[in-house]
Amino acid sequence: MNDQVAVITGGASGIGYGLAEALAARGVRLILSDIREEGLTKAQASLAATGAEVTAVVADVSDEASVHALADRTIATYGRVDLVCNNAGLVSPAAPLWEQDSRTWELMIRVKVLGVVHGVKAFAPLLIAQGTGHILNTASSGGLAPLPGRTPYTTTMHAVVGLTETLDAELKQVAPPLGATVLCPGLVDTPLGQNSAALGSIQLPPGTPTSMRSVAGARGGILSPREVAEATLTAVEADRVHVAPGTGVAQRARARVEALLADIAAN
Ligand SMILES: NC(=O)c1ccc[n+]([C@@H]2O[C@H](COP(=O)([O-])OP(=O)(O)OC[C@H]3O[C@@H](n4cnc5c(N)ncnc54)[C@H](O)[C@@H]3O)[C@@H](O)[C@H]2O)c1
């Protein structure tokens, strides 16, 4: 809605940038945040060129003080916040769990899990004081079903799904207009591989195909960030807890839930 305010972490690129475009098109004012200052400056300029009202703030979601400074800056700039998108993320190397090193685990937990925790701790008190507002956490379809070869990624994504389901219940106990949604998309056409390499979570030897389209390969069905953003905002507006756009995501989630229920019933 016009004059509402959204904060987006990991907003310089990909899904975060798609959310920024879709929110700006609805007249929402933006605090766009990212750890990569150069990418953030370019993203702010592109959005501002379309008439969006955008303030750029460099922040590292793995650093609690940095996220609290982001919240302070939001209130100092706009005096309110309506939607908090804890979206920043990285991908982990492809290897079985027993070959994943400790540094990868620590980095993924710091960015993907604690990054969301820091966002909730910094912003939830502001939403509660207003009595309205919503938190959107980006996880992945890898948080709804097994994804062999990426355990540090899937573990943290499952954590964000469980965290968000519980957070939504906790917020609604405080005030029913508050809520939380978790985004669990399938493959999205973003530079996640290149950005993750630039930030040191994976290595890309020369010649490695990097685009998500090359990962999707013959499977196809890859979504654009803007398509994901529109589906996500529809879910947020409807106060749904889960949104999972993408080819095959529903089938994989259903297979996991049915296997879980069958195992429980066999006990
Ligand atoms: N692209 C996909 O297929 C896909 C699918 C499912 C889920 N996701 C998730 O969506 C989220 C966004 O990824 P994307 O695909 O848009 O990739 P992206 O690389 O385009 O965007 C992620 C952004 O997060 C930023 N970031 C990384 N670490 C940060 C930190 N510590 N603090 C602040 N910002 C940081 C990066 O600089 C980058 O701009 C991620 O959490 C990712 O795991 C992506």
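The values are calculated or read from the model by the stated rules, or taken from the named source; none is laboratory data. Not measured: the values here are computed from a predicted model. We place every Cβ from the backbone using ideal geometry, glycine too, and count neighbours over all the protein chains shown. We work out accessible area using only protein heavy atoms, side chains counted, and drop any ligands, DNA or RNA first. Shrake-Rupley method; radii C 1.70, N 1.55, O 1.52, S 1.80 Å.
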Normalised contact order of the range 1-151, rounded percent, pairs of Cα under 8 Å and 6 or more residues apart: 24
Treat every Asp and Glu Cβ in the range 5-266 as -1 and every Lys and Arg Cβ as +1, leave all other atoms uncharged, and give the resulting dipole magnitude about the Cα centre to the nearest 20 debye. 320
Taking the Cα centre of the chain as the origin and placing charges on Cβ (Lys, Arg +1; Asp, Glu -1), which of PRO206, LEU136, ILE75 is farthest toward the positive end of the dipole? PRO206
The answer for the net charge of residues other than ILE135 whose Cβ lies under 15 angstrom from its Cβ, with Lys and Arg +1 and Asp and Glu -1, is -2
In the range 5-266, taking the dipole from +1 charges on Lys and Arg beta carbons and -1 charges on Asp and Glu beta carbons about the Cα centre, the listed residue (ALA229, LEU178, HIS118) farthest towards the positive end is ALA229
How many nm is it between the label spots at GLU165 and ALA65, if each spot is 7 Å from the Cα in line with the beta carbon? 3.7
Accessible area of the range 5-266 with a 1.4 Å probe: how many percent of it is carbon plus sulfur? 58
What per residue convex hull volume, in Å³, do the alpha-carbon atoms of the range 46-170 yield? 124
Pairs of Cα atoms under 8 Å, at least six residues apart: use those to get the relative contact order of the range 5-266, whole percent. 19
What is the sum of charges, Lys and Arg at +1 and Asp and Glu at -1, for the other residues whose Cβ falls under 13 Å from the Cβ of GLY79? 0
What are the lysines whose alpha-carbon lies under 23 Å from the alpha-carbon of LYS172, with same-chain residues fewer than 8 places away excluded? LYS121
Along the three principal axes, how long is the chain when you take its alpha carbons, biggest first, rounded to the nearest angstrom? 50, 49, 33
